[in-house]
Amino acid sequence: GCGSDSDGVFHTEGNKLRMGTNATFPPYESVDENNNVVGIDADIAQTIADKLGMKLEIINMEFDALIPALNAGQLDFAMAGMTASPERAEQVDFTTSYATGIQAIIVPEGSEIAAIEDLADKKVGVQTGTTGDLYCTDDLGEDHVQRFESGVVATQALLNGQIDAVVIDNEPAKAYVAANEGLKILDTHYAVEDYAAAIAKGNTELHDKINGVLEELKAAGTIDEIIAKYIHE
Ligand code: GLN
């Protein structure tokens with residue numbers, strides 16, 4: 001079990017590197033018109049695979065299925081704009097961080113919500129199992145949180161008036177707001193976080209390989225170049 005063979009050694013399948021993601025999170029990952037997963041994480045993962053001389057396979061799944069899939073040996077690594085949180089670090093190993101995420105708050109234009117404190121008696125939509133879910137559940141209580149399978153679906157519920165706000169990472173938040181009339185992102189934010197790739201605990205060989213390539217790509221400015229392709233400040 002736990003993704004290792006009986007000898008306790010992890011084996012990647014042939015020359016294949018299986019990367020898990022949840023492609024509802026632009027510009028880190030989304031599905032294009034040809035059904036390919038594209039975005040910052042897909043580009044970084046492809047660059048890692050190229051450097052390691054391996055063939056990348058991207059597996060698209062629910063966000064909260066990624067860590068269980070890693071631990072079941074169904075994935076070699078996950079890149080999903082995933083926050084390297086201390087809670088998750090008990091279940092998986094994280095690489096060096098390659099990007100920053102900010103938990104942003106989306107509200108309808110004209111909403112009376114202007115600050116985090118204003119969320120107290122409101123209904124807030126989140127993506128299941130994300131850090132936004134965790135913070136809102138901790139701070140506001142279960143009764144004030146509604147979980148959705150993706151930020152896209154949460155945003156739809158906000159447009160329909162089912163919820164009062166959505167708490168989600170700032171880059172997908174910008175994409176959802178740009179794609180829909182009548183929404184805005186508050187100037188304030190919930191938290192600043194580090195994104196990292198996740199690997200099953202014990203798979204130190206692959207962890208060291210991917211971490212090494214990421215450090216190399218960061219030092220060479222390649223990560224910044226990939227991010228700049230998608231995020232124009
Ligand atoms: N950064 C957030 C988290 O790790 C959201 C990630 C996501 O929805 N893909 O929980």
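The values are calculated or read from the model by the stated rules, or taken from the named source; none is laboratory data. Quick caveat: nothing in here was measured; it's all calculated off a predicted structure. We place every Cβ from the backbone using ideal geometry, glycine too, and count neighbours over all the protein chains shown.
Can you find, within the stretch 178-207, the residue that is surrounded by the fewest Cβ atoms within 10 Å (Cβ to Cβ) among those that are within 16 Å of the ligand (Cβ to nearest atom) and more than 14 Å from T131 (Cβ to Cβ)?
This residue is I185.
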Handout entry: The lone exception for F94 - which of (1) in a strand (DSSP E or B); (2) surrounded by fewer than 22 Cβ atoms within 10 Å (Cβ to Cβ); (3) more than 12 Å from the ligand (Cβ to nearest atom) it fails
Key = (3)
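Is it true that some residue in the stretch 217-227 is over 23 Å from A104 (Cβ atoms), assigned to a loop (DSSP other than H, G, I, E, B) and touching a helix residue (DSSP H, G or I) at 6+ places or on another chain (Cβ under 8 Å)?
No, the conditions are met nowhere in the stretch 217-227.
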Practice task
Within the stretch 97-131, work out how many residues are in contact with a Lys or Arg (Cβ under 7 Å, 6 or more places away or on another chain) and not in a strand (DSSP E or B).
Solution key: 3
Exercise for the section: Would you check if there is a residue in the stretch 60-67 being away from the ligand (no atom under 14 Å from the Cβ), in contact (Cβ under 8 Å) with a residue 12 or more places away in the chain, polar (S, T, N, Q) and farther than 25 Å from L140 by Cα? Expected result: no
Problem - Enumeration of residues in the stretch 126-162 that are more than 13 Å from the ligand (Cβ to nearest atom) and over 20 Å from I102 (Cβ atoms) - result: G141, E142, D143, H144, Q146, Q156, A157, L159, N160, G161, Q162
Problem - Residues within the stretch 185-233 that are over 21 Å from the mean Cα position of the chain (by Cα) and within 29 Å of L119 (Cα to Cα), tallied - result: 1
Exercise for the section: Name, by its number, the condition in (1) part of a loop (DSSP other than H, G, I, E, B); (2) away from the ligand (no atom under 12 Å from the Cβ) that does not hold for A80. Expected result: (2)
Exercise for the section: Look through G14, G20 and report the one residue that is of a type outside the set (F, W, Y) and either at pLDDT 95 or above or within 12 Å of the ligand (Cβ to nearest atom) (or both). Expected result: G20
Practice task
Could you tell me which numbered condition A89 fails, if it satisfies all but one of (1) in a helix (DSSP H, G or I); (2) crowded, with 18+ Cβ neighbours inside 10 Å; (3) within 13 Å of the ligand (Cβ to nearest atom); (4) among the hydrophobic types (A, V, I, L, M, F, W, C)?
Solution key: (2)
